[in-house]
Amino acid sequence: MKIQEVSIATGVSAKTIRFYEQSGVLPSPTRMPNGYRDYNQMDIDRLRLVAGARRLDLSLDDIREIIALRDHREAPCRVLLDRIQQKADEVAERINTLQQLEKELRDLHSLGSKFPVDDVDGKNCVCHLVSESKKKEI
């Protein structure tokens, strides 16, 4: 099966398929006499797993580990469950951080809207408030 056929079957672009091959997430497929890549059903199944894991925002390193376990005939399910839990925890933390940022922005907007909006020097307006606000990482 050619790369475009695999792309249609999996919904993964040919460019992304090539990237996964270059990064070692997918093995290089066999080649036809004309040099075209020749994929089989196992390649499609593997690509579907990789694409699904990427949609869950798992890293390529995590995916390599899961694939390696499967290739060594070890069930990767426990590792995959652990990675899913870790990713869910990361998302919850990002949500919390973003909620804090939203509150800070709304408070700053509320306070800043009471200041003049025509202060060119930025000494007595919202610009001053932004300059003095605490830096937070997102």
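Quick note: the coordinates plus some simple rules give every number you see, no bench work behind them. These numbers come from a predicted model, not from an experiment. As a convention, Cβ positions derive from the backbone with ideal geometry for all residues, glycine included, and neighbour counts pool all protein chains shown.
For the reader, a short list of remarks on this structure follows.
- Aspartates and glutamates with Cα under 16 Å of residue 123, excluding same-chain neighbours fewer than 8 positions away: 132
- Compared with the dominant Cα axis of the chain, that is its longest principal axis, helix 41-55 is turned about 10°.
- Neighbour-count order for 72, 128, 109, fewest beta carbons within 10 angstrom listed first: 72, 109, 128
- The slack in the chain from residue 34 to residue 91, taken as 0.36 nm per residue of separation less the alpha-carbon distance, amounts to 15.9 nm.
- GNM result for the chain, Cα springs below 10 Å: residue of 11, 35, 24 fluctuating most strongly: 35
- As a proxy for reagent exposure, ranking 20, 36 by other Cβ atoms within 10 Å from fewest up yields 36, 20.
- Rounded to the nearest 20, the size of the Cβ-charge dipole of the chain about its Cα centre is 440 debye, with Lys and Arg at +1 and Asp and Glu at -1.
- Cleavage-rule hits (GluC sites (Glu not before Pro)) in the stretch 42-127: DSSP loop, at most 13 neighbouring Cβ within 10 angstrom: 74
- Applying the Karplus relation 6.51 cos²θ - 1.76 cosθ + 1.60 with θ = phi - 60° to the stretch 105-117 yields 3J(HN,Hα) values of 5, 5, 5, 5, 5, 4, 5, x, 5, 8, 8, x, 10 Hz, where x marks Gly and Pro.
- Sequence-separation-based contact order of the chain, relative, with Cα cut under 8 Å and 6+ spacing, percent: 14
- The Kirkwood hydrodynamic radius of the chain, based on inverse pair distances between different Cα atoms, is 19.1 Å.
- Each of 129, 101 was scored by other Cβ atoms within 10 Å of its Cβ. Listed from fewest to most, they are 101, 129.
- Taking all C-alpha pairs of the stretch 3-74, those more than 21 Å from each other amount to 21 percent.
- Only aspartates and glutamates eight or more places from residue 87 in sequence, or on another chain, were considered; those with a Cα closer than 17 Å are 57, 61, 62, 65.
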